[in-house]
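Undergrad: The structure under discussion is supplied below as structure tokens; questions concerning it will follow.
Read the figures in this text as sums done on the coordinates, not as results from a lab. Remember, predicted model here, so these are calculated numbers, not experimental data. So basically every Cβ, Gly included, is an ideal-geometry build from the backbone, and we count neighbours across all protein chains shown.
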Amino acid sequence: MDTTINTNTVDNGLFSNDVMLDINKVTKIYPTPAGDYVVLDDLDLQVKREEFISIIGHSGCGKSTLLTMIAGLNEISRGTIVADNKTVKGAGPDRAVIFQSPSLLPWLTAYENVMMGVKQVFAHGTKTDRKEIVEYYLAKVGLEDSMHKAAKDMSQGMQQRVGIARAFALKPKVLLLDEPFGMLDSLTRGELQDVLVEVWNQEKITACMITHDVDESILLADRVIMMTSGPRAKVGDILEIDFERPRNRKELIEHPDYYKYREHLINFLEH
């Protein structure tokens, strides 16, 4: 393995058909009584098809703002976001979001929570097809024996498994993750990271994840996008993670490059 750390802060030089997400000169402005507050300023980023990126930066740098604009849940002040060659103008099933809290309907079962979205996206499919989709993804996240359990009776970790299953079951082009493991204990967090990677490896969809965890970034991502501190945040640096997939957590930690990557990310965050 090449031990050189590759960074790239400008253009990826990608052909348009290689790009799933094209974020061009995106600016986000919130009006305040004291004047306009510019959260993001002329931010540029391209994300390849089937690529997994993580986005890190200090609180207030606009990471979640960027993610919600990609999702179509937050209006873009200036610039454009193009997903799969279509300009983002609102929310859509082609972009699924997994938040820190999965926001399940507590009185419904895991199966019913996932089925709600599947019915919307696959309205023209057969009842059998929809049932198979729901059961398949709940099984993939380890809930084969708990799919008819009410969400309110599940632990946080189990609820987040339902959230992961629900997102993948929509068959999105882009998976957006906003600190999906932030509220979990370290053991559950590690388990769900492995679940996420296993399902993502099979589905091969584009994924963008916000995290404060440097180690999580290295474990999961192909590239780590480092945001400058706000206001007027933009991409400050990009670190390519050159580990082959599938990745083994123990082997990564024992690899000498792991600590080079880690040091690079921590140095950026500390300056």
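Undergrad: Quick test of your reading of the structure: residue 262 fulfils all but one of (1) farther than 19 Å from residue 209 by Cα; (2) in contact (Cβ under 8 Å) with a residue 24 or more places away in the chain. Name the failing condition by number.
TA: In the conditions (1) farther than 19 Å from residue 209 by Cα; (2) in contact (Cβ under 8 Å) with a residue 24 or more places away in the chain, residue 262 misses (1) alone.
Undergrad: Which pairs turn up if I take residues in the stretch 149-171 that are within 16 Å of residue 136 (Cα to Cα) and touching a residue at least 60 places away in the same chain (Cβ under 8 Å) and look for partners that are among the hydroxyl-bearing types (Ser, Thr, Tyr) and assigned to a helix (DSSP H, G or I) with beta carbon separation below 6 Å, at least 6 apart in sequence or on another chain?
TA: 168/137
Undergrad: Please verify whether residue 190 is farther than 15 Å from residue 61 by Cβ and touching a Lys or Arg at 6+ places or on another chain (Cβ under 8 Å), treating the condition exactly as stated.
TA: Yes; evaluated as a whole, the condition is true for this residue.
Undergrad: While we're here: Report whether or not residue 147 is over 12 Å from the mean Cα position of the chain (by Cα), part of a helix (DSSP H, G or I) and aliphatic (A, V, I, L, M).
TA: When the stated conditions are applied, residue 147 does not pass them.
Undergrad: Could you run through the stretch 76-104 and say how many residues are more than 16 Å from residue 65 (Cβ to Cβ), among the aliphatic types (A, V, I, L, M) and under 15 Å from the mean Cα position of the chain (by Cα)?
TA: Final tally of qualifying residues: 3.
Undergrad: Test of understanding: among 117, 142, which residue is within 24 Å of residue 92 (Cβ to Cβ) and not acidic (Asp, Glu)?
TA: 117 is the lone residue from the list that is within 24 Å of residue 92 (Cβ to Cβ) and not acidic (Asp, Glu).
Undergrad: Test each condition in (1) of a type in the set (A, V, I, L, M); (2) over 14 Å from the mean Cα position of the chain (by Cα); (3) within 21 Å of residue 158 (Cα to Cα) for residue 214 and report the one that comes out false.
TA: Of (1) of a type in the set (A, V, I, L, M); (2) over 14 Å from the mean Cα position of the chain (by Cα); (3) within 21 Å of residue 158 (Cα to Cα), only one is false for residue 214: (3).
Undergrad: Hey, any hits in the stretch 122-132 for a residue that's in contact with a Leu (Cβ under 8 Å, 6 or more places away or on another chain) and either surrounded by fewer than 21 Cβ atoms within 10 Å (Cβ to Cβ) or closer than 23 Å to residue 182 by Cα (or both)?
TA: No, the stretch 122-132 has no match at all.
Undergrad: Testing residue 179 on (1) over 15 Å from the mean Cα position of the chain (by Cα); (2) surrounded by fewer than 21 Cβ atoms within 10 Å (Cβ to Cβ); (3) within 25 Å of residue 20 (Cα to Cα), one condition comes back false. Which one is that?
TA: (1)
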